[in-house]
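Here the structure comes first, spelled out in structure tokens, and everything after it is commentary.
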Amino acid sequence: MGSELQILTAKNLTVGYKKKQVLSALDLTLKYGKLTCLLGPNGAGKSTLIRTLTGIQKGLSGSVTLDGKEVETISSKELARKISLVLTDRLTPGNLTVYALVSLGRFPYTSWIGTLKDLDKELIHWAMEVTGTLKFADRHIGELSDGEKQKVMIARALVQDTNIIILDEPTAHLDSPNRIEIFHLLHTLAKDTDKTILISTHEIDMAIEHGDDMWLVMPEKNINTGIPEDLILNGALEKAFGSEQLSFDYAKGRFTRKSQLQEVSLNVIGDPIHVKWTKSALERAVFGSAEKSIEIEKVGEAIQWKIQETGKTFNSIELLIKHLTLDENKH
């Protein structure tokens, strides 16, 4: 399938509840082989939208179409063969082993007694292999870390063998290394398997780096869509998340306090990587307009920071900042 082919579309969709519209006038498209990141503040309606797209909750108006059929007309059993849903709730599966939990993803295809055929077992093995969960197949779920549990849930979604996988805040309980690993895994799966993956998240930096498409919940309660770079350059991302205190730093690709948006007035020269992190520390220290040049040079195996005007050298950025702070306070 071509990666630009549409699999799910929403037209003029309004979602919410009888007495409250949450999001309205939504025109959305999910494509094969793409990782789409849905971003918005808490309470913005991301989970409500996901429930509506997956047929759990009815839209107030408009339509959601999946493979040419309106979602509301598709039976729950057929939907289970088209959409895998991974919710944000912490996993409490009792005494199930990892293999047993992943196997539950075959429920829409097995007989009522749940007998696994060879094809089912092959798919389970593949899903656990690509998610890195095969090595603890016999362990009980309760013995796993949050990151390992999330990979198991992704494996179960893969075993369900649907064209669409939707995840609601899958990195909410994870530490930074596991968040990075989960995003990388999802992007790789979308690319390698041509599956459509939609993830709701607060991880702006991860969405920018790994997302093929982005859905941004805007203050007007609609959604702006596009590739991350377009939504950055046209100001949509800053409009969605900016505030009186926060502004998007277009040079660095991240949100920062407005008080930190000043450029370092010090001239820093040397290896580009050392220059980047030196400037980062100097900007955080918020210096005034002192006109000095810092040269970063390698002396043997060590790195030195030298103030060219005075010739003074320092063995760390921390010591450099302490000196500059004392020097500035004298003035």
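Just order 137-148, 185-196 by mean Cβ neighbour count inside 10 Å, highest at the front, would you?
The peptides rank, most packed first, as 185-196, 137-148.
Hey, any idea what % of the stretch 153-233's accessible area is carbon plus sulfur with a 1.4 Å probe?
Answer for the stretch 153-233: carbon and sulfur cover 48 percent of the accessible area.
Using a cut-off of 11 Å between beta-carbons, work out the net charge of the residues near residue 11 (Lys and Arg +1, Asp and Glu -1, residue 11 not included).
Counting the neighbours of residue 11, the net charge comes to -2.
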Here D for the stretch 18-106, in µm²/s, from Stokes-Einstein with a Kirkwood Rh over Cα pairs at 37 °C and 0.692 mPa s, works out to 212 µm²/s
Taking the Cα centre as origin and putting +1 on Lys and Arg beta-carbons and -1 on Asp and Glu beta-carbons, what dipole magnitude results for the stretch 110-164, to the nearest 20 debye?
80 debye
Comparing 56, 204, 83 in a Gaussian network model of the chain (Cα, 10 Å), the one with the largest mean-square fluctuation is 56
Of the residues 86, 234, 251, the Cα lying farthest along the dipole of the chain towards its positive end, which is defined by charges on the beta carbon of Lys, Arg, Asp and Glu, belongs to 86
Say we join alpha carbon atoms closer than 10 Å with springs in a Gaussian network model of the chain; which of 160, 21, 308 then has the biggest fluctuation?
308
Phi-derived 3J(HN,Hα) across the stretch 305-322 with the Karplus relation (6.51, -1.76, 1.60, θ = phi - 60°), rounded Hz, x for Gly and Pro, is 10, 10, 7, 4, 5, 10, x, 6, 10, 9, 8, 7, 5, 4, 5, 4, 5, 4
Among 226, 45, 114, determine the one that fluctuates most according to a GNM of the chain built with springs between C-alpha atoms less than 10 Å apart.
114
Express the accessible area of the stretch 6-244 per residue in Å², computed with a 1.4 Å probe while the remaining protein chains stay in the model.
48 Å²
What does the charge add up to near residue 231, with Lys and Arg as +1, Asp and Glu as -1, over the other residues with Cβ less than 10 Å from its Cβ?
-3
Tell me, what HN-Hα J-couplings in whole Hz come from the Karplus equation 6.51 cos²θ - 1.76 cosθ + 1.60 at θ = phi - 60° for each residue of the stretch 16-25, using x for Gly and Pro?
x, 10, 3, 9, 8, 7, 9, 9, 9, 6
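Go ahead and run the numbers for FRET between residue 100 and residue 57, Cβ-Cβ distance against an R0 of 30 Å, rounding to 0.05.
Here the calculated transfer efficiency is 0.50.
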Please give me the summed charge of the neighbours of residue 192: other residues whose Cβ is under 14 Å from its Cβ, Lys and Arg +1, Asp and Glu -1.
0
Listed by chain and number, the residues whose amide H is under 5 Å from that of residue 25, excluding neighbours fewer than 5 places away on the same chain and using placed H, are 13, 14
Note, ³J(HN,Hα) from phi for the stretch 155-166, Karplus 6.51, -1.76, 1.60, rounded to Hz, x at Gly and Pro:
4, 5, 5, 5, 5, 5, 6, 9, 7, 10, 10, 10
Mind checking the dipole of the chain: about its Cα centre, +1 per Lys or Arg Cβ, -1 per Asp or Glu Cβ, Debye to the nearest 20?
1020 debye
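The values are calculated or read from the model by the stated rules, or taken from the named source; none is laboratory data. Remember, it's a predicted structure, so these values are computed and weren't measured experimentally. Positions of Cβ are backbone-derived with ideal geometry, glycine not excepted, and every protein chain shown enters the neighbour counts. When the accessible area is computed, the model is the full protein with side chains, heavy atoms only, and any ligands, DNA or RNA have been set aside. Shrake-Rupley method; radii C 1.70, N 1.55, O 1.52, S 1.80 Å.
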